[in-house]
Amino acid sequence: MEYGDRYQHIPRPQYDCLLFDVDDTLYPLNSGLSKEVTNNIIEYMINKLGIKDKVTELNFQLYKDYGTTMAGLKAIGYDFDYDDFHSFVHGRLPYEILKPDPVLKSLLQSLPVRKVIFSNANEEHVANVLSRLGLEDCFDEVISFETLNPMEKTNLLDDENDVNSNGSKQRPVLRSEINVFDTETNVEVPKTPVVCKPFEAAFEHAFKMANIDPQRTLFFDDSIRNLETAKLMGLHTVLVGSSHKAKGVDYALESIHNIREALPELWESIKMTEEVCYAEAVAIETQVRA
Ligand SMILES: [Mg+2]
């Protein structure tokens, strides 16, 4: 047997990275935490931004069009500080409603595959959620709002854009502004400076930052829209929170706890790798003895 033949058929696991959303993916929607987030966003829109009319509808529409309400509010011209928004919306959350999840912890720890978080939320929120769930040691890397949106002055096109001819301040234009289309009418809506899922730019950024090969990565998220982009970007996709598959979805899980039942191959591939290693070890040992 030629050496080439001997090595080219060695099987290897299908995935070398598992990529996870956090909110409503690592814990269930019915925990109530997301409802609290929505209430805080609405309060921010009313009290901090002075929006009075149809606030709930606007929040829903912006979330649908832009992936996060924050990205939508920036797009339609509201000027606010990202940290102020995050501390108002996440800083007052009743994180204690999330309980430690030893079952999920043990599932994750039994998979010797690199695990990366990919969330639109800020770093502090992600850390708080993971800590409450007892999963803080289960992930190798975290991609969060701050990773996707580093606040560098060099991103600005031109400082002069900050001031109108009448001297008033306007929203700065960023080089990375993203074209956005209404999900139903496909009509272009104002661009956003915020990089977040479901936009391709967010996925491209995450792949680069975490050195991810999408063809060899399995992505878990509760948002169909995020999964649609993910599929287009070459990722393998898992919908969490519903057992009904949709466009762009390879697997659908009612709960993240069903991962072993729905994807036994994740564990089988590990077994397969161990068997291959064992077979190789026996072959080497036999050669040495001979
Ligand atoms: Mg989510």
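The values are calculated or read from the model by the stated rules, or taken from the named source; none is laboratory data. Computed from a predicted model, the values in this text were never measured in an experiment. Neighbour counts run over all protein chains shown; Cβ positions are idealised from the backbone, glycine included.
So the values come out like this:
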| item | result |
| --- | --- |
| T25 being within 16 Å of the ligand (Cβ to nearest atom), part of a loop (DSSP other than H, G, I, E, B) and of a type in the set (V, I, T) | yes |
| Per-region count, the range 201-246, residues at positive phi and modelled with pLDDT under 95 | 0 |
| Positions within the range 30-65 being more than 18 Å from D182 (Cα to Cα), basic (K, R) and part of a helix (DSSP H, G or I), in sequence order | K35 |
| Pair list, Cβ under 6 Å, 6 or more apart: the range 126-146 residue modelled with pLDDT of 95 or more, other residue among the hydroxyl-bearing types (S, T, Y) | V126/S119; V126/S144; N128/Y95; R132/Y95; S144/S119 |
| Odd one out for D222, checked against (1) within 16 Å of the ligand (Cβ to nearest atom); (2) under 18 Å from I117 (Cβ atoms); (3) exposed (fewer than 15 other Cβ atoms within 10 Å of the Cβ) | (3) |
| Filter pass, F207 being of a type in the set (F, W, Y) and within 12 Å of the ligand (Cβ to nearest atom) | no |
| Qualifying position, being within 16 Å of the ligand (Cβ to nearest atom), touching a strand residue (DSSP E or B) at 6+ places or on another chain (Cβ under 9 Å) and over 20 Å from F199 (Cβ atoms), among L108, L33, L18 | L18 |
| Number of the condition not met by V249 [criteria: (1) over 14 Å from the mean Cα position of the chain (by Cα); (2) assigned to a helix (DSSP H, G or I); (3) β-branched (V, I, T); (4) at pLDDT 95 or above] | (2) |
| Single condition Y278 does not satisfy, out of (1) modelled with pLDDT of 95 or more; (2) farther than 22 Å from L135 by Cα; (3) aromatic (F, W, Y) | (1) |
